[in-house]
Amino acid sequence: MEFAFIGQIIGLYKLVLIVRIALSWIPHNPHNPAITFLYKITEPVLEPVRRVIPAIGGIDISPIIVFIGLSFIKGIFT
């Protein structure tokens, strides 16, 4: 039962990451409280990955690595 909950949390976090990625393509106000919250909950996961795997040709691939990792973790629990 609690494993399904973990899967739902991971799915929700993936959705938040998709929003964060979409925001990187469009101009936005970084001081908006919703945007600030989005960055606060995604940056602690993305930043360590960026330290290990830097941008390739100016493209940040850390979200892809995080998606793969989250999918792997979700597969273990579901």
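The values are calculated or read from the model by the stated rules, or taken from the named source; none is laboratory data. Quick caveat, the model's predicted, so the values are computed rather than measured. Please note: Cβ atoms are built from the backbone with ideal geometry, for glycine as well, and neighbour counts cover all protein chains shown. Calculation scope for accessible area: heavy atoms of the full protein, side chains included, ligands and nucleic acids excluded. Shrake-Rupley method; radii C 1.70, N 1.55, O 1.52, S 1.80 Å.
The residues of the chain expose, per residue, 71 Å² of accessible area to a 1.4 Å probe.
A simple count of charges around Glu47, restricted to other residues whose Cβ falls under 14 Å of its Cβ and scoring Lys, Arg +1 and Asp, Glu -1, yields +2. Counting only alpha carbon atoms, the long axis of helix 33-52 and the longest principal axis of the chain meet at about 80°.
The relative contact order of the chain, computed from alpha carbon pairs under 8 Å that lie at least 6 residues apart in sequence, is 41 percent. Using the average count of surrounding beta-carbon atoms within 10 Å as a protection proxy, the listed peptides 28-37, 42-51 rank, highest first, as 42-51, 28-37.
Temperature 25 °C, viscosity 0.890 mPa s: under these conditions the Stokes-Einstein estimate for the chain, based on its Kirkwood radius over C-alpha pairs, is 181 µm² per second. The angle between the Cα long axis of helix 2-25 and the longest principal axis of the Cα atoms of the chain comes to about 20 degrees, rounded to the nearest 10.
When the accessible area of the chain is computed with all protein chains present and a 1.4 Å probe, what percentage of it is carbon and sulfur? Looking at the chain in its full context, I get 76 percent from C and S.
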